[in-house]
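**Q** My questions will all concern the structure given below.
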Amino acid sequence: MAKLKIGVFGGYRGHTMINVLFNHDDAELVAVCDKYEPILEGITKEGEQRGMNIATYTDFDEFIKHDMDAVVLANYATEHAVYAIRCLKAGKHVMSEVLPCETMAQAVELIETVEETGLVYTYAENYCYMRHAFEMWHRYKRGDIGEVTYIEGEYIHDCTAIWPQITYGDPDHWRNRMHPTFYCTHSIGPMLTMTGLRPVQVVGFETPLHDKYKDIAITRGTGIEIVTLENGAIARSVHGDLKREPCSYNYMIYGQKGMMEGDRFPYKEDSELMHVYLESDKFCKGEWENYNPEPPVEPEKAKQFGTHGGSDFYATHFFIEKMLGRPQGEWAIDVYTAVDMGICGLLAYKSILDGNVPVKVPNLRNKEERDAYRNDHACTTPWVAGDQLLPRSSHPYEPVPESTYKRHEELWKNGTNLEYGTDFEIKD
């Protein structure tokens, strides 16, 4: 069987997917597109060392013409839907990195494009495949703790020190413009995949602005979403730059027969300890399991990839399996679930701006619910929102001086960050 030919748009974040494609039995990397030529030069050298001739492009319009079956989108997080739609219309299957869409109008157009083309779209929310999150998904699906009643997800990652290295001093970089609940699917995503349930309502909250952040170009607080699921269960999501190290991603799920949670303080290397309580046939009597789970699918293959605990392998692998029509493709995240994850954050910000009122989360699987959102371009990007432009925060904030962006650009070019010289690690 000939290998699937896959291109990657965005060589920086996309490099983790590129590593998987370098080593996958059923797919090969054939092209990469990025506006930053040094990234392309590095990928060309890697390919040559492996005896591969990888085409490189700085122009997406030329890249999309390349002979390939599918495209991995690892470009700016606010632009995934726009390029996913273009790729699908060009006859390419798509795997989209985080996030699925920037506006409700994009959510509708993305879903309808997937439906019209009949092509595969999967969402690379890698935190759904983190070791304890994937184990919880597997065990909940098996029925171990019964139906969910309450669930929590958190993704706390203080990026302030590495801000120049992930924004390049660009005032229009999406991170410099995003609102507090936009980057929500690392916390919301695993809760939806674990339970298989759809969100029906969301209430949003934003923490106060940090005094020091005005010197860093961060003009928003941390985002919190309280989501009601279709069975009435409540999900709490928190994500952002709260103060703790190391960073934290963790999930806790309560069911009618027990509960599961990850260890919020996994300071031992390679430890993702999980705790499971299973109630007996008597109330308040049960037993605990405490163990370091092995991935429930292809554990040996996942161990070959270190980024995000091997979870980046799963997102790419399940995309390939889905395209090939194989059973493991069932673990891939489809466009409807992806959009559910993302629009919780979009609608949570509407809730915040309206005074923390509950907002309905539409079921965009239903065509009759889509029309209300076709022209909803509200977001924090001026050239996308037009006259529907939203502020970056619900709190008053001062415009960021041009000198701050210039300083960040210089630090980025020098390979330094705000606090620790050149000793930085970028996690996404």
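**Q** Can you tell me which residues in the stretch 339-398 are closer than 16 Å to V202 by Cα and open to solvent by 20 Å² or more (accessible area, probe 1.4 Å)?
**A** Within the stretch 339-398, L346, K350, L353, D354, G355, N356, V357, P358, K360, N363 meet the criteria.
**Q** For A70, work out the one condition from (1) open to solvent by less than 10 Å² (accessible area, probe 1.4 Å); (2) of a type outside the set (D, E, K, R); (3) in contact with a Leu (Cβ under 6 Å, 6 or more places away or on another chain) it doesn't fulfil.
**A** Just one mismatch for A70, condition (3).
**Q** Pairs needed: first member in the stretch 1-20, without any contact (Cβ under 8 Å) to a residue 60 or more places away in the chain and over 17 Å from H80 (Cβ atoms); second member anywhere, open to solvent by 10 Å² or more (accessible area, probe 1.4 Å) and not in a strand (DSSP E or B); C-beta distance under 7 Å; at least 6 residues apart or different chains.
**A** Matching pairs, first to second residue: K3/D26.
**Q** Looking at the structure I just gave you, is M95 part of a strand (DSSP E or B) and buried (at least 24 other Cβ atoms within 10 Å of the Cβ)?
**A** For M95, the condition - part of a strand (DSSP E or B) and buried (at least 24 other Cβ atoms within 10 Å of the Cβ) - is met.
**Q** Okay, next question. Has the stretch 125-142 got at least one residue that is acidic (D, E), assigned to a helix (DSSP H, G or I) and without any contact (Cβ under 8 Å) to a residue 60 or more places away in the chain?
**A** no
**Q** Take the residues in the stretch 2-41 that are in a loop (DSSP other than H, G, I, E, B) and among the charged types (D, E, K, R), then tell me which one is most open to solvent (accessible area, probe 1.4 Å).
**A** Restricting to residues being in a loop (DSSP other than H, G, I, E, B) and among the charged types (D, E, K, R), the top hit is K35.
**Q** Still on this structure, I have one more. Any residue in the stretch 385-402 that is within 14 Å of H210 (Cα to Cα) sitting within a Cβ distance under 9 Å of a residue that is exposed (fewer than 12 other Cβ atoms within 10 Å of the Cβ)? List the pairs, counting only those 6 or more apart or interchain.
**A** Pairs that qualify, where the first residue is within 14 Å of H210 (Cα to Cα) and the partner is exposed (fewer than 12 other Cβ atoms within 10 Å of the Cβ), are H395/P208.
**Q** Additional query: Within the stretch 225-245, work out how many residues are within 30 Å of T160 (Cβ to Cβ) and in contact with a helix residue (DSSP H, G or I) (Cβ under 7 Å, 6 or more places away or on another chain).
**A** 7
**Q** Would you check which residues across the stretch 327-359 are free of Cβ contacts under 8 Å to residues at least 24 places away in the same chain and assigned to a helix (DSSP H, G or I) and list them?
**A** P327, G329, E330, listed by residue number.
**Q** Working carefully through the options Y183, Y150, Y155, find the one that is part of a loop (DSSP other than H, G, I, E, B), aromatic (F, W, Y) and over 26 Å from Q328 (Cα atoms).
**A** Y183
**Q** Anything in the stretch 283-329 that is among the basic types (K, R) and at pLDDT 95 or above? List them, or say none.
**A** Result: K285, K322, R326.
**Q** Right, something else. Do we have any residue at all in the stretch 209-216 that's modelled with pLDDT of 90 or more, open to solvent by less than 30 Å² (accessible area, probe 1.4 Å) and out of contact with any Cys (no Cβ under 7 Å at 6 or more places or on another chain)?
**A** No, the stretch 209-216 contains no residue that is modelled with pLDDT of 90 or more, open to solvent by less than 30 Å² (accessible area, probe 1.4 Å) and out of contact with any Cys (no Cβ under 7 Å at 6 or more places or on another chain).
**Q** In the stretch 52-67, how many are open to solvent by 50 Å² or more (accessible area, probe 1.4 Å) and β-branched (V, I, T)?
**A** Adding up the residues that qualify gives 2.
**Q** Test of understanding: among V114, V148, which residue is in contact with a helix residue (DSSP H, G or I) (Cβ under 8 Å, 6 or more places away or on another chain), closer than 30 Å to K89 by Cα, among the aliphatic types (A, V, I, L, M) and surrounded by fewer than 24 Cβ atoms within 10 Å (Cβ to Cβ)?
**A** Result: V114 is the single residue among V114, V148 that is in contact with a helix residue (DSSP H, G or I) (Cβ under 8 Å, 6 or more places away or on another chain), closer than 30 Å to K89 by Cα, among the aliphatic types (A, V, I, L, M) and surrounded by fewer than 24 Cβ atoms within 10 Å (Cβ to Cβ).
**Q** Of the conditions (1) touching a residue at least 24 places away in the same chain (Cβ under 8 Å); (2) of a type in the set (K, R); (3) farther than 20 Å from V72 by Cα, K285 fails just one. Which one is it?
**A** (1)
**Q** Sticking with this structure for a sec: I need a count of the residues in the stretch 293-326 that are more than 19 Å from V72 (Cα to Cα), part of a helix (DSSP H, G or I) and acidic (D, E).
**A** 1
**Q** What number of residues in the stretch 220-237 are in a loop (DSSP other than H, G, I, E, B) and buried (at least 23 other Cβ atoms within 10 Å of the Cβ)?
**A** Final tally of qualifying residues: 2.
**Q** For the stretch 151-172, which positions are more than 18 Å from P208 (Cα to Cα) and modelled with pLDDT under 95?
**A** The answer is A161, I162, W163, P164, Q165, I166, T167, Y168, G169, D170, P171, D172.
**Q** A further question follows. Could you list, ordered by first residue, the pairs with Cβ atoms under 6 Å in which the first is in the stretch 263-275 and over 14 Å from C247 (Cα atoms) and open to solvent by 40 Å² or more (accessible area, probe 1.4 Å) and the second is in a loop (DSSP other than H, G, I, E, B) and modelled with pLDDT of 75 or more, at least 6 apart or interchain?
**A** The qualifying pairs are L273/D263; L273/N292.
**Q** Would you mind finding the one in C87, C101 that is at pLDDT 95 or above, open to solvent by less than 20 Å² (accessible area, probe 1.4 Å) and not in a loop (DSSP other than H, G, I, E, B)?
**A** Step by step, each of C87, C101 is checked, and only C87 is at pLDDT 95 or above, open to solvent by less than 20 Å² (accessible area, probe 1.4 Å) and not in a loop (DSSP other than H, G, I, E, B).
**Q** Inspect all residues belonging to the stretch 48-68 and state whether any of them is assigned to a strand (DSSP E or B), touching a strand residue (DSSP E or B) at 6+ places or on another chain (Cβ under 9 Å) and either at pLDDT below 95 or under 16 Å from T16 (Cα atoms) (or both).
**A** Looking through the stretch 48-68, none of the residues is assigned to a strand (DSSP E or B), touching a strand residue (DSSP E or B) at 6+ places or on another chain (Cβ under 9 Å) and either at pLDDT below 95 or under 16 Å from T16 (Cα atoms) (or both).
The values are calculated or read from the model by the stated rules, or taken from the named source; none is laboratory data. Just so you know, these numbers come straight off a predicted model, no measurement behind them. Neighbour counts are summed over all protein chains in view; Cβ atoms, including those assigned to glycine, are modelled from backbone coordinates with ideal geometry. Heavy atoms of the whole protein, side chains included, go into the accessibility calculation; ligands, DNA and RNA do not. Shrake-Rupley method; radii C 1.70, N 1.55, O 1.52, S 1.80 Å.
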